[in-house]
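The values are calculated or read from the model by the stated rules, or taken from the named source; none is laboratory data. Note that the structure is predicted; figures quoted are calculated from it, not measured. Glycine also receives a Cβ, built like all others from the backbone with ideal geometry; neighbour counts cover every protein chain displayed. Accessible surface areas use protein heavy atoms only, side chains included; no ligands, DNA or RNA. Shrake-Rupley method; radii C 1.70, N 1.55, O 1.52, S 1.80 Å.
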Amino acid sequence: MRCPKCGGVDDKVIDSRSSRDGLLIRRRRECLKCGVRFTTYEEIFREKLRVKKRDGEYEEFDRRKLLAGIEKACEKRPVSTEKIESLVELVLTELENEFGREVPSIQIGERVMEHLRKLDEVAYVRFASVYRQFRDAEQFIDEIKQLGKS
Ligand SMILES: [Zn+2]
């Protein structure tokens, strides 16, 4: 980063903190040449993920919806918002590495359950029961559609 005062290009980071949702990182830097301190913001760039549903249709991945679902499962449990956010980031990174931009819907739930289980058993059970209902409903709709075709 170029120093706003002297134009020097060498600096050191003296403080680094992420915003509440973990998507924005604020850094305090100090110019090594003149010592002036300045702030930079770093944003995680994530291309839009698409979710492939069981019926083959696509929809845009909704990070907020997923966060809300996990937060609900973690209600009154000793799981911090930060933990939940890093769980979502971890799941997304895994899915991206494995599937690229188009992720099967079933995989998202499965991955979240896998990690949530290690974090909190109760939250895991809650999430799993909601998720399985949803999955069964999706499967049911699938079957109806299949019936319609034959
Ligand atoms: Zn400077």
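If you count only protein heavy atoms and use a 1.4 Å probe, how large is the accessible surface of F99, to the nearest 10 Å²?
For F99, the solvent-accessible surface is approximately 70 Å².
Per 0.36 nm of contour for each residue apart, how much would the distance between C6 and A137 grow if the chain were fully extended, relative to their Cα-Cα spacing?
Numbers: separation 131, 0.36 × 131 = 47.16 nm, distance 6.22 nm.
So the extension gain works out to 40.9 nm.
Rounded to the nearest percent, how much of the accessible area of the chain (1.4 Å probe, protein heavy atoms only) is carbon and sulfur?
Numbers: 5100 of 10150 Å².
Carbon with sulfur: 50 percent of the solvent-accessible area.
Under the definition of Cα pairs under 8 Å and six or more residues apart, what whole-number percent is the relative contact order of the chain? Don't skip to the end; give the middle numbers.
Working: 175 pairs, mean separation 25.6, N = 150.
In percent, rounded to a whole number, it is 17.
With a ≥ b ≥ c taken as the square roots of the eigenvalues of the C-alpha gyration tensor of the stretch 50-149, please select rounded if a/c is under 1.5 and otherwise prolate if a/b is larger than b/c or oblate if it is not? Please report the intermediate quantities before stating the final value.
Details: a/c = 2.56, a/b = 1.52, b/c = 1.68.
It is oblate, given that a/c is not under 1.5 and a/b is not larger than b/c.
Once you've got the Cα coordinates, tell me which of K52/K72; K48/K149; K12/K83; K76/K145 are over 30 Å apart.
Working: K52/K72 24 Å; K48/K149 32 Å; K12/K83 28 Å; K76/K145 39 Å.
Distance filter (> 30 Å) returns K48/K149; K76/K145.
How about the stretch 97-145: which GluC sites (Glu not before Pro) there lie in a loop by DSSP and see at most 16 other Cβ atoms within 10 Å?
Numbers: sites: E98, E102, E110, E114, E121, E138, E143; in loops: none.
In loop regions of the stretch 97-145 (DSSP not H, G, I, E or B), there are no sparsely surrounded GluC sites (Glu not before Pro).
At a 1.4 Å probe radius, which order do S105, S129 fall into by accessible area, largest first? Before the final figure, lay out the partial values.
Values: S105 20, S129 60 Å².
Per-residue accessible area, sorted high to low, gives S129, S105.
Simple spin-label model, 7 Å along Cα-to-Cβ: R63 to R26 in nm?
Taking the two extended label points, one gets 1.8 nm.
Just the isolated ones, please: cysteines in the chain lacking another cysteine beta carbon under 4.7 angstrom.
C74
If you roll a 1.4 Å probe over the heavy atoms of the protein chains, what accessible area per residue do you get for the chain, in Å²?
68
May I ask you to list the GluC sites (Glu not before Pro) in the stretch 6-95 that are in a DSSP loop and have at most 15 other Cβ atoms within 10 Å of their Cβ?
Working: sites: E30, E42, E43, E47, E57, E59, E60, E71, E75, E82, E85, E89, E94; in loops: E47, E57, E75.
In loop regions of the stretch 6-95 (DSSP not H, G, I, E or B), the sparsely surrounded GluC sites (Glu not before Pro) are E47, E57, E75.
Give me the dipole magnitude in Debye, nearest 20, for the stretch 50-149 about the Cα centre, with unit charges on the beta carbon: positive for Lys and Arg, negative for Asp and Glu. Don't jump to the answer; show the numbers that get you there.
Values: 20 positive and 22 negative charges, 49 e Å.
That gives a dipole near 240 debye.
Using 0.36 nm per residue of separation minus the Cα-Cα distance, give me the extension gain between S129 and Q107 in nm, one decimal. Working shown, then result.
Values: separation 22, 0.36 × 22 = 7.92 nm, distance 1.58 nm.
Full-extension gain reported as 6.3 nm.
Would you mind checking which residues have amide H under 5 Å from D11's amide H? H placed 1.01 Å from N; only 5 or more apart, or other chain.
The list, which skips near neighbours in sequence, is L32.
At a threshold of 8 angstrom on Cα-Cα distance, excluding pairs fewer than six apart, so keeping six or more, what relative contact order does the stretch 77-150 reach in percent? Present the calculation step by step, with values, prior to reporting the outcome.
Working: 26 pairs, mean separation 21.0, N = 74.
In percent, rounded to a whole number, it is 28.
Multiply the residue separation of E71 and K53 by 0.36 nm, subtract the distance between their alpha-carbon atoms, and state the gained length in nm to one decimal. Display every interim value, and only then the final one.
Values: separation 18, 0.36 × 18 = 6.48 nm, distance 2.29 nm.
Using 0.36 nm per residue and subtracting the Cα-Cα distance, I get 4.2 nm.
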